[in-house]
Ligand code: NAI
């Protein structure tokens, strides 16, 4: 039997956490033969609820689950973790200024960065889910210098999966026959869902999604808007934000990162820019990536048309603004 992998989930008493921890314990994230130990962190006010989640994990008798830690102590939570999924954060409440929310999250991510820097296992892989996801990841990178930059990512896989879903609905094909959409940029409503390079498996081979959809206007308007606004649509319908799809996409993100993407397939991940596609170096920006042996690489050489260029630049601009807002909160 393999040695267990220790996975940290912060904000584990919240609704994404509640959907996510059983997926991890069932092997949906790291595979059906990989034992896991789950560390769950939340804040003092949620300690009792967190303990309830721990009780349920025990009650579910998961064969792969070798241990559970439920704690409000960030150092205990971060100790020896191989994978950290950071879902905990401060939500924007009615009437709050953007700067106030940013300021709360900057201090949370700074503290968690310091704890991971000191106590996580070497080569710990980090996925930030909590919003503002890209900028929280940027702060984490800043304050966890011992964690390689390539190990710090944020979640845009939910947006990626939403884009696959919209194309599959439009064409009435199964979602697993659609691949290689791209989410560029920020996990915000500015994000650019791009289907220009997507393909669809058909009886007569792989075809470009643009050709099968045959409706450039739809791809440039309704498709983009639906993906950008999907989070808001879910809140309107459920009166709560997306949790099962967010948890499932977080599993997809880590699974593909650790176990690799299938040949010929890329996925979207928020990663530190190396300057590819003219995106300022060091920004956490969502790119198309392939993964192999636990490492992602940005898919190179994709043709970018003028329409895309404009949208990609708008994302870089928004992320630069978020970055300066975040840095102004540090002082
Ligand atoms: P939630 O409010 O149900 O849960 C958040 C949990 O985090 C709460 O239990 C809270 O007590 C905890 N928390 C707050 N501060 C903490 C701290 N300093 N340390 C540890 N835990 C802390 O929220 P939900 O629905 O689970 O969403 C979590 C986050 O994920 C939100 O920021 C949300 O905007 C974001 N999100 C991101 C998505 C993405 O695609 N990147 C998709 C959906 C949500």
Q: In a Gaussian network model over the chain where Cα atoms closer than 10 Å are linked, find which of 170, 93, 54 has the largest mean-square fluctuation.
A: 93
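Before rounding to the nearest 500, sum -39500 (n - 2.57) across all DSSP H runs of length at least 4 in the chain and divide by the residue total; then give [θ] at 222 nm in deg cm²/dmol. Can you show the working numbers first?
Numbers: 11 runs with 145 residues, N = 331.
Helix contribution divided over all residues of the chain: -14000 deg cm²/dmol.
Taking the beta-carbon count within 10 Å as an exposure proxy, list 203, 143 from fewest neighbours to most.
Values: 203 4, 143 18.
So the ranking, lowest neighbour count to highest, is 203, 143.
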Q: Percent of Cα-Cα pairs per 5 Å bin, from 0 to the last occupied bin, for the stretch 148-304, please list those.
A: 2, 9, 18, 22, 21, 16, 8, 3, 0
(Q) Can you sort 38, 58, 108 from fewest to most other Cβ atoms within 10 Å of each residue's own Cβ? (A) 58, 108, 38
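Rank these for me by crowding, 234, 24, 43, going from fewest to most other beta carbons within 10 Å. Intermediate results must be reported in sequence, preceding the final value.
Values: 234 18, 24 26, 43 15.
The order, fewest Cβ neighbours first, is 43, 234, 24.
Semi-axes, largest first, in whole Å: what does sqrt of 5 times each Cα gyration tensor eigenvalue give for the chain? Don't skip to the end; give the middle numbers.
Working: eigenvalues 191, 108, 73 Å².
Values for the chain, descending: 31, 23, 19 Å.
Can you give the percent of C-alpha pairs in the stretch 222-331 whose distance is more than 25 Å? Spell out each step's value before the answer.
Working: 2228 of 5995 pairs.
In whole percent, the long-distance tail amounts to 37.
Based on a Kirkwood Rh over C-alpha pairs, give the Stokes-Einstein translational diffusion coefficient of the stretch 158-249 at 25 °C and viscosity 0.890 mPa s in µm²/s.
Numbers: Rh = 13.6 Å.
Taking Rh from Cα pairs, D becomes 181 µm²/s.
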Q | Most mobile listed residue (45, 229, 166) in the chain, GNM with C-alpha springs under 10 Å | A | 45
(Q) Which of the three applies to the stretch 81-162, rounded, prolate or oblate, going by the alpha-carbon gyration tensor with a ≥ b ≥ c and a/c under 1.5 meaning rounded? (A) oblate
Q: With springs only between Cα atoms under 10 Å apart, run a GNM on the chain and tell me which of 314, 61, 47 wobbles the most.
A: 61
Q: Give the relative contact order (percent, whole number) for the stretch 177-295; include only Cα pairs under 8 Å separated by 6+ residues.
A: 26 percent
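Could you tell me what a quarter of the Cα convex hull surface of the stretch 166-210 works out to, in nm² with one decimal place? Walk me through the numbers on the way to the answer.
Numbers: hull surface 13.4 nm².
That works out to 3.4 nm².
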Q: Please report the Cα spread of the stretch 26-95 along all three principal axes, rounded to whole Å, starting with the longest.
A: 47, 24, 23
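Compute the normalised compactness of the stretch 32-190: alpha-carbon radius of gyration over 2.2 N^0.38 Å, N being the residue count. Numbers along the way, then the final one.
Details: Rg = 17.8 Å, N = 159, 2.2 N^0.38 = 15.1 Å.
Ratio of Cα Rg to 2.2 N^0.38 Å: 1.18.
What does the C-alpha gyration tensor say about the overall shape of the stretch 96-136? Classify as rounded when a/c is under 1.5, otherwise prolate if a/b is larger than b/c, or oblate.
Oblate.
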Q: Principal axes first, then extents: for the Cα atoms of the stretch 55-115, list largest minus smallest coordinate on each axis, whole Å, largest first.
A: 45, 26, 17
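None of the figures in this text is laboratory data; all of them are computed from the coordinates on show. Please read all numbers here as calculations on a predicted model, not as lab measurements. For neighbour counting, all protein chains shown are included, and Cβ atoms are generated from backbone atoms with ideal geometry for every residue, glycine included.
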